[in-house]
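Here is the structure we will look at.
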Amino acid sequence: MAAPISAQIRPMKTSAELALAETFAAARTVLPGGPDVAAQRAAAFGTFADAGLPHRRVEAWRYTDLRALMREARPLAAPPDAEAKSRAAAAGAMLAGLGFRRLVLVNGAFVPELSDLAGLEAGLSIRSMADALTNGDALTARLGQTVESSDAVLALNTALMGDGVVLQVAAGAVIERPVELVFVTTEATPVSMFTRSLVVVEDGASLTLIESHEGPSGVAYQVNTALELVVGAGANLERVKITAEGADAVHLATVLARVDATATFANTFFTTGGLVVRNQLLVHLAGEAIHARMNGVSLLSGKQHADTLLSVDHAGPAGESRESFRAVLDGSAQDIFQGKIAVRKQAQKTDARMLSRALLLTETAEASNKPELEIFADDVQCGHGCTTGTLDQQLRFYLMSRGIPAKEAEALLIQAFVGEVLDAIGNEGVRAALTDATQAWLLGRE
């Protein structure tokens, strides 16, 4: 039996934590799900109540003191009305015209009338998370079971998860048309959203998944989103996440991925928006001969703060993983990369390489890198590295000596810097769109 709400509030210290406790107390009876889900929510909130918002004394959050950065907790967003849906109709412009199957969530709620649900390919099923929780969908029993985590932000998401998408690809099905999850905030007042999605790609199946997040500038809204990925044996999943939130938004995202034997898994982060952005990617490579690629690009300016936490757990033999992250920092922006590769005793013949590089365009920009290896096997090839520096002035001078203006010369060098990551994206349309977005960001620099 869950502890009384009054008992759960006692450990809270900040106004944001108290507000979150009050939000849970008010919402717990109306959030979707039966008794089992309610018990899961109560247990998760108990975990959050014990820990509170992460702060610098929590090792995984030492560079992102959320207790200091998130002084207030915003009220839950109301279900979108007709006006909100109308404003959301133009969302996802970055990938418009590429013919993807769009699934649209407005202010945290799945909106079928804005989503492309017609003519689903054989083997593909899509439904809203709220409906799945309410109807006791068997797949929702997997929630929280993908990768073990005691993270307080994830626990808070579990306690308050409202809607999202449940997507399943049947064994052997190859979904040629990429699926795009479009998360858009339209509220003009500060609100919070807690979305949870589950994607299951069964044995031998294939899927390309795009996820985009956007919202208005000038509104201090808050997003706490979580995605669980289950990739079956011999399956293929490529995911690209685009974070283009409003300039005052707080965006907290967690991905939990379990990958089985001989599967191929790829994940790319592309971050340009948001005041505070935290991407957590926890990957459990459960079987043998898995090929995994995890990359990221952050283009930050002003006072933006972006933090990427990566954990790759090699639990089977003969696996291969490659991790490459690039950050370009302008103004007083801050970028953090914390990456850990763990190789278990039975994961012999593992080949894992991790590299993080940051490019500082001003003297006030900051980059922090914390790569780690934890190896218990003795027949492995593993390595990590990180670099932080400025533009190569000799290359810049060379381009200028060929008649290229200084700003264009810098843009070419920066595009080459991030292009090594973007070029690894499998879908040509997404690759081109993100290259164009990089160019737009560069042209927007003062």
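The values are calculated or read from the model by the stated rules, or taken from the named source; none is laboratory data. Being a predicted model, the structure only gives us computed values, none of them experimental. Ideal geometry is used to build each Cβ from the backbone, glycine not excepted, and the neighbour counts take in all protein chains shown. Side chains are part of the model used for accessible areas, which takes the heavy atoms of the whole protein and leaves out ligands, DNA and RNA. Shrake-Rupley method; radii C 1.70, N 1.55, O 1.52, S 1.80 Å.
Observations
- Only one of GLY385, GLY426, GLY403 that is out of contact with any Lys or Arg (no Cβ under 7 Å at 6 or more places or on another chain) and on the phi > 0 side of the Ramachandran plot: GLY403
- Members of region 431-446 that are open to solvent by 40 Å² or more (accessible area, probe 1.4 Å) and either assigned to a helix (DSSP H, G or I) or aromatic (Phe, Trp, Tyr) (or both): ARG431, ALA432, THR435, ASP436, GLN439, ALA440, LEU443
- Listed by first and then second residue, the pairs linking a residue in region 162-190 that is over 22 Å from ASN236 (Cα atoms) to a residue that is of a type in the set (Lys, Arg) and in a loop (DSSP other than H, G, I, E, B), with Cβ atoms under 8 Å apart and 6 or more places separating them unless they lie on different chains, are PRO190/ARG74.
- The set of residues in region 1-55 that are modelled with pLDDT under 90 and under 23 Å from the mean Cα position of the chain (by Cα) is empty.
- Taking the listed residues GLU428, GLU420, the one that is open to solvent by 70 Å² or more (accessible area, probe 1.4 Å), closer than 26 Å to SER311 by Cβ, under 23 Å from the mean Cα position of the chain (by Cα) and of a type in the set (D, E, K, R) is GLU420, with no other qualifying.
So that you can scan it fast, the table gives a plain yes or no per residue for (1) more than 23 Å from LEU31 (Cα to Cα); (2) open to solvent by less than 10 Å² (accessible area, probe 1.4 Å); (3) acidic (Asp, Glu); (4) over 21 Å from the mean Cα position of the chain (by Cα):
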site	(1), (2), (3), (4)
VAL174	yes, no, no, yes
GLU180	yes, yes, yes, no
PHE183	no, no, no, no
THR186	no, no, no, no
SER192	no, yes, no, no
SER197	no, yes, no, no
VAL200	yes, yes, no, no
ASP203	yes, no, yes, yes
THR208	yes, no, no, no
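- Residue pairs meeting the criteria (Cβ under 6 Å; at least 6 apart or on separate chains; first in contact (Cβ under 8 Å) with a residue 60 or more places away in the chain, in region 61-77; second buried (at least 16 other Cβ atoms within 10 Å of the Cβ) and of a type in the set (Lys, Arg)): THR64/ARG278
- The C-beta contact set for region 33-53 (first residue basic (Lys, Arg), second residue open to solvent by less than 60 Å² (accessible area, probe 1.4 Å) and in a helix (DSSP H, G or I), distance under 6 angstrom, 6+ apart or interchain) comprises ARG41/ALA159.
- When each of ALA91, ALA122, ALA118 is tested for being surrounded by 21 or more Cβ atoms within 10 Å (Cβ to Cβ) and either among the charged types (D, E, K, R) or assigned to a loop (DSSP other than H, G, I, E, B) (or both), the lone residue that passes is ALA91.
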